[in-house]
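Worksheet for the structure shown next.
Every number here is computed from the coordinates shown, using simple stated rules; none is lab data. Bear in mind that the values here come from a model prediction, so they are computed numbers and not experimental data. Cβ: placed from backbone, ideal geometry, glycine included. Neighbour counts: every protein chain shown.
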Amino acid sequence: MPPQESKSAPVGRDGRSAVDAEDALKGVEAARERARLQAGLTPKWYGPAVAVVLVLPSAVQAWSQGRDGQAVLVALLVSLLGLAAVCALVRAARRGTGVLVTQPLSARLRRSRIALPAVLAAGLVVGGCCWWAGAGEAVTRIAAFAVWGLGVWGVSVARNAATERALRELA
């Protein structure tokens, strides 16, 4: 059997192979961009779940104050479970898109450079107002965490809307 040479496909008179290759490359780039955008979508349940996970440990801790040692242990357990639930929610949101594209921490922080400080400031303002109004420590903490949870929800809804708009433009 004679050795085979590695030759490129013959180019027709009109350069059709080059045009086909260029079209295929554009298709690959569009698919890559769609995958990147889809990886940024968060499920609709993500925001309310984060709000509950942030508020519940503070509510249980407020309930446990002034009770016996078992209530304090329950509050500690709920706080640890809340932390585990936040980690699980983040992982589920990433897997829920069907596309796992991880971004470095610097890219994620750059993406949140406006939303994250705004949500944190809103929670601090609400907490400060509660404290200034004379609300107890537990109420202040629950209010701040509720605002942070609702802020995360609002940010995820706004990001999803922008991402879905970009996906429609690609289609």
Revision key, fill the gap. Quick calc: nm separation of the 7 Å Cα→Cβ label points for L73 and E164 -> 4.7 nm
Review point. Hey, rough spin-label estimate for A118 and V86, points 7 angstrom out along Cα→Cβ, what's it come to in nanometres?
Key: 2.1 nm
**Study point:** Karplus (6.51, -1.76, 1.60) ³J(HN,Hα), θ = phi - 60°, over segment 62-76, in Hz, Gly and Pro reported as x
**Key:** 5, 5, 7, 5, x, 9, 6, x, 5, 5, 5, 5, 4, 4, 5
Check your understanding: What order, most packed first, do the peptides 52-62, 118-128 have when packing is the mean number of other Cβ atoms within 10 Å of each residue?
Key -> 52-62, 118-128
Exercise for review: Find how many whole Å separate the alpha carbon centroid of segment 44-67 from the alpha carbon centroid of segment 74-88.
Suggested key: 9 Å
